[in-house]
Amino acid sequence: MSIPLLNYPIQEKLVTVADVSWEEFKGIEAQLKDNRNVRLSYLSGILEIMSPIGEKHEEVKRTLGYLLEAYMRELGIRFYGRGGFTLEEPGYASGTPDESYSINTKDEVPDIVIEVIVTSGTINRKELYKPKKVPEVWFWKSDQIKIFRLNASGEYEEVNRSGFFPNLDPDLLLQYIGHPDQYDAVAEFVQAINSAVALGC
């Protein structure tokens, strides 16, 4: 079954400010703490301010989350949804993923963080999570999913599949993220998973 991928305009705006001290960043963050439509990222003196968070950004985020959670439930993989809480390395980096998960056990640092990129900035977002040694960083951008896994050298390298879900093809996720109906997407995805399991795939 061929399902068209989402095609929608960019709705988010992003402002980049250079030479911002950590103290200045924390002051700005405090002023905006009650504004849910603004997202801040900070890396080594560079501040990015994104506003607003678009509806389609949220749709992709939630659909991908629902699909992953359905996959883990169907295969009996224990997981803990961590949501979008801020991961910080004081004085250097602060980043808030769209979604995050701990696999098998709930540790202080999630195993997977997910970023939905509609508007690209200047910050290398992998660097935001390197200080905390997040094992995997997933990006959805332009109807593609890219997975980066932390290697033994402490660097992120792109991989074809998640180390936590070696049998899950990211292209299958993309197919259902692009489904016109979120509820049906998850239901049909579960059917596809069960069919693959029954066939021993």
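In percent, rounded to a whole number, the relative contact order of the range 26-79 is 19, using alpha-carbon pairs under 8 Å and six or more apart.
I need the Kirkwood Rh of the chain: take the reciprocal of the average 1/r across all distinct C-alpha pairs and report it in angstrom. Kindly include the intermediate steps, with their values, before the conclusion.
Details: mean 1/r = 0.0560 Å⁻¹.
Evaluated over the chain, this radius sits at 17.9 Å.
Take the Cα pairs of the range 102-201, get the Kirkwood Rh, then feed it into Stokes-Einstein at 20 °C and 1.002 mPa s and tell me D in µm²/s. Let's see the in-between values first.
Details: Rh = 15.2 Å.
Estimated via Stokes-Einstein, D reaches 141 µm²/s.
For the range 50-201, the number of Lys pairs with C-alpha atoms closer than 25 Å, counting only pairs eight or more positions apart or on separate chains, is 23. Shown in residue order for the range 110-122 are the 3J(HN,Hα) couplings computed by the Karplus curve 6.51 cos²θ - 1.76 cosθ + 1.60 at θ = phi - 60°: x, 7, 10, 10, 10, 10, 9, 9, 9, 10, 7, x, 9 Hz (x for Gly and Pro).
Computed from Cα positions, the angle between helix 55-74 and the longest principal axis of the chain comes to roughly 50 degrees. Karplus couplings for the range 127-139 from phi (6.51 cos²θ - 1.76 cosθ + 1.60, θ = phi - 60°), rounded to Hz, Gly and Pro as x? Each residue's phi maps through the Karplus curve to give 5, 4, 9, 5, x, 8, 6, 5, x, 9, 10, 9, 10 Hz.
Just how large is the dipole of the range 1-151 about the Cα centre, in debye to the nearest 20, putting +1 at every Lys and Arg Cβ and -1 at every Asp and Glu Cβ? Before the final figure, lay out each step's value.
Numbers: 20 positive and 23 negative charges, 68 e Å.
For this selection, approximately 320 debye.
Every helix of 4 or more DSSP H residues in the chain counts as -39500 (n - 2.57), and over all residues that averages to -9500 deg cm²/dmol at 222 nm. In the chain, which longest range has no trypsin sites (Lys or Arg not before Pro) that are both DSSP loop (not H, G, I, E or B) and surrounded by at most 11 other Cβ atoms within 10 Å? It works out to 134-201. Relative to the longest principal axis of the Cα atoms of the chain, helix 22-31 runs at roughly 70 degrees. Highest GNM mean-square fluctuation among GLU108, GLU48, GLU158, for the chain modelled with Cα contacts below 10 Å: GLU108.
With a cut-off of 13 Å on the backbone N, the residues of the range 114-144 near the modelled label site 7 Å out from GLU108 along Cα-Cβ are 132-134.
Looking at the square roots a ≥ b ≥ c of the eigenvalues of the Cα gyration tensor of the range 63-154, which shape do they give, rounded for a/c under 1.5, prolate if a/b is larger than b/c, or oblate?
In terms of gyration-tensor shape, oblate.
Values in this text are rule-based calculations from the coordinates and carry no lab data. No experiment lies behind these values; they were computed from the predicted model shown. Every residue, glycine among them, receives a Cβ derived from its backbone with ideal geometry; neighbour counts consider all protein chains shown.
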